[in-house]
Amino acid sequence: MTEKYAKVMGVDFPKITLERTIEILSDVIQENRAELFHVITVNPEITMACQKDMSLRSIIDQAGLITADGIGIVMVSRLRGGNLPERVTGYDTLLKLLDSGNQKKWSFYFLGADPLTSEKACEVIREKYPNLIIAGRHHGFFNSSEEEQIVEEIGMLKPDILVVALGAPYAERWIHQFNTQLHAKIAIGVGGSLDVIAGKVKETPEIWKRLNLEWLFRLKQQPSRWKRQLILPRFAIRALFFRGSK
């Protein structure tokens, strides 16, 4: 993969669109690589966290592909001359993968969300994308003894795409921890995407997305997120005036 990069707080974001992201991942599935291809959608929270958390930074640096999950990252890159073309969120990437998987009969394993949401999300996916294969699923409320069984099951099923909805950055750490045992072609953390697919959380209307106000819509739907949103202005200031190569 030969893509140009934009650096934001030392993190190299490839200058790719959502469409190009799906093309890259389609190629990965066709190539039948031996190693897991880890996709990380990096938002401002993760970008800030990896400034001090070197283990998280190492996971990001080792990823097969990262994308700019947040308009803040895109805007900072443009103000600093990096010119990322658009944000590429975990949710949008997942929907495109499901659509491509429906056309190409890819297999998926879904890990995460609460038990009812996990079941409902897979029901919705089966109905909307009847040609893709749901190789397996498991909710995200598992203990350490169950975890071993889950990892073993995924490794045995060898899905084309492992979708991990355990929240960031836990999902990214989990994928990295078990990467040699999962035997999936691609693994991607998708935050609360299964909640949206299942209808537990309302999807952001397109007009809010076009106005780059998805964060505000989500805050309206989930006021408890207000503390998390406080990181956005801090990220913008630190990222705009960031000095250094790492």
### Task
With θ set to phi - 60°, apply the Karplus curve 6.51 cos²θ - 1.76 cosθ + 1.60 along the range 77-91 and write out the HN-Hα couplings as whole Hz, x wherever there is a Gly or Pro.
4, 5, 5, 9, x, x, 6, 4, x, 5, 7, 10, 7, x, 5
### Query
Add -39500 (n - 2.57) for each DSSP H run of 4 or more in the chain, then divide by its residues: what number comes out at 222 nm, to the nearest 500 deg cm²/dmol?
-14500 deg cm²/dmol
### Message
Which one, Ser55, Asn143, Ser118, is farthest towards the positive end of the dipole of the chain when Lys and Arg carry +1 and Asp and Glu -1 on their Cβ?
### Response
Ser55
#### Entry: Point-charge dipole on Cβ atoms (K/R +1, D/E -1) for the chain, about Cα centre, debye to 20
1200 debye
### Message
Could you give the length gained by full extension between Ile237 and Lys104, i.e. 0.36 nm per residue of separation minus their alpha carbon distance, to one decimal place?
### Response
43.5 nm
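Of the cross-linked pairs Lys4/Lys185; Lys52/Lys105; Lys4/Lys128; Lys7/Lys104; Lys4/Lys200; Lys96/Lys120, which ones have a Cα-Cα span greater than 30 Å in the structure shown?
Lys52/Lys105; Lys4/Lys128; Lys7/Lys104; Lys4/Lys200
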## Note on the structure
On the formula 1/(1 + (r/R0)^6), with r taken between the Cβ atoms of Glu146 and Asp27 and R0 of 25 Å, the FRET efficiency rounded to 0.05 is 0.15
### Query
Relative contact order for the chain: what is it in percent, counting Cα pairs under 8 Å that are at least 6 residues apart?
23 percent
### Query
Separation between the Glu19 and Tyr170 pseudo-spin-labels, each 7 Å from Cα along Cα→Cβ, expressed in nm?
3.7 nm
### Full-stretch length increase - Val124, Val201 - with 0.36 nm per residue and alpha-carbon distance subtracted
26.3 nm
#### Entry: Over the range 62-207: Kirkwood hydrodynamic radius from C-alpha pairwise inverse distances, Å
16.0 Å
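For the chain, give the share of DSSP beta bridges that are antiparallel, in percent and rounded to the nearest 5; count only bridges with both residues there.
On the way: 4 of 25 bridges.
Counting DSSP beta bridges with both partners in the chain, the antiparallel share is about 15 percent.
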### Task
For the chain, just the Cα atoms, rotate onto the principal axes and tell me the three extents in Å, largest first.
47, 39, 36
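Every read-out reported here was derived from the displayed coordinates using simple, explicitly stated rules and does not represent laboratory data. For clarity, every value in this text was computed on a predicted model and none was experimentally measured. Cβ coordinates were reconstructed from backbone atoms using ideal geometry, including for glycine residues, and neighbour counts include every protein chain displayed.
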